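Notes to accompany the following structure.
FYI, it's all coordinate maths here, none of it is from the lab. Because the structure is a prediction, the values reported are computed rather than measured.
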């Protein structure tokens, strides 16, 4: 059974990200979540207050982690600067770029008729 996704989200390009944030004002977090939730290509965005994680599900062929982090930081929310979070961000960037590149790639074959 597959879940119905929002408009602009293809399941093949769907990624789920978990960003740890430092303590922030709840109104700033709500404003950031509201702004991110309106983006074309976002499937889901939530905040876990007990762990200070913002959970994102989006189509990586349309959005990338850097643009979402920029929105979060524009609302005076700081992404945690610990080693594990930085490692995950690098991995997220790599995978997002790979999905975007593969989505735009046109398959080529030498057996194609001219």
GNM flexibility winner over the chain from 50, 61, 80 (Cα, springs under 10 Å): 50
What angle do you read, to the nearest 10 degrees and between 0 and 90, between the alpha-carbon axis of helix 83-104 and the longest principal axis of the chain? 30
Evaluated at q = 0.11 Å⁻¹: base-10 log I(q)/I(0), Debye formula over Cα of the chain: -0.40
On a 0 to 90° scale, report how tilted helix 26-37 is relative to the longest principal axis of the chain, with both axes built from alpha carbons and the result rounded to the nearest 10. 10
How many times 2.2 N^0.38 Å is the alpha carbon radius of gyration of the stretch 61-114? 1.69
What is the helix-to-structure angle for 65-74, meaning the angle in degrees between its Cα long axis and the longest Cα principal axis of the chain, kept from 0 to 90 and rounded to the nearest 10? 30
Quick check on the chain: helices-only [θ] at 222 nm, where DSSP H runs of length 4 and up contribute -39,500 (n - 2.57) each and the sum goes over total residues. Nearest 500, please. -12500 deg cm²/dmol
